[in-house]
Each structure stands twice: as structure tokens, then as C-alpha cells.
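Beneath this line is the structure, given in C-alpha cells, with notes to follow.
No value in this document is a laboratory result; all are computed from the given coordinates. If you're wondering where the values come from, they're calculated on a predicted model, not measured in any experiment. Heads up, the Cβs are rebuilt from the backbone with ideal geometry, glycines too, and the neighbour counts pull from every protein chain shown.
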Ligand code: SF4
Ligand code: SF4
């Protein structure tokens, strides 16, 4: 999966990932203290969340980017 949690314990609940993701992948937990990767399959590997996360709690890999199907050769 392209978007993964590196370390939930260091998430400070700043909501930067929630607010910057153009694909609406994240939600905040009910207590508002952590973000949740709610819709990982919607990730389009733009790395906005990773760039704006101040703690490195999440990481974006190229996994999904390597599997883009296309009809063109
Ligand atoms: S890489 Fe982009 S699309 Fe994927 S979860 Fe992060 S902000 Fe959203
Ligand atoms: S940007 Fe990072 S620290 Fe802030 S809520 Fe998201 S995962 Fe947690």
C-alpha cells in the first residue's frame, strides 16, 4: 500500500494530513488525538501528507505508483 503508518505513537494529532490530502484519505480519531488512514486505496501517491507531517508518523511509498495500468505501450 502506498500510504502507511510508520509510527502511530508519534502522531500529535495536528491534522495536517487530514487537511492537505487531496484524496480525502485521512480521518481524525474520535478523541481527536490521532489521525487514521481511513481510505488507503484512495491514495494517489502525491506525498502531501508526508511533506506536511511534522513528526514523520506516516510514510508514502512508490508501491502504487509502480502499478499504474495503461492501454498505451
Ligand atoms: S500521498 Fe497524497 S493522496 Fe496519498 S494519502 Fe498522502 S496526501 Fe493523500
Ligand atoms: S500530519 Fe502527522 S502528526 Fe499530524 S495528524 Fe497527520 S500523521 Fe499525525
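For the chain, go through all pairs of different Cα atoms, get the mean of 1/r, take its inverse, and jot down that Kirkwood value in Å. Numbers along the way, then the final one.
On the way: mean 1/r = 0.0793 Å⁻¹.
In the chain this quantity evaluates to 12.6 Å.
Is any residue of the stretch 1-34 close enough, with backbone N under 18 Å, to a label point placed 7 angstrom from the Cα of residue 64 along the Cα-Cβ axis, and if so, which?
Only 1-7, 16-28 pass the distance filter.
Quick one: length gained pulling residue 29 to residue 44 fully straight, 0.36 nm per residue minus the C-alpha distance? Intermediate results must be reported in sequence, preceding the final value.
On the way: separation 15, 0.36 × 15 = 5.40 nm, distance 2.22 nm.
Difference between extended and current length: 3.2 nm.
Using helices alone, what [θ] at 222 nm do you get for the chain, with -39,500 (n - 2.57) per DSSP H run of 4 or more residues, divided over all residues and rounded to the nearest 500?
Computed mean residue ellipticity for the chain: -2500 deg cm²/dmol.
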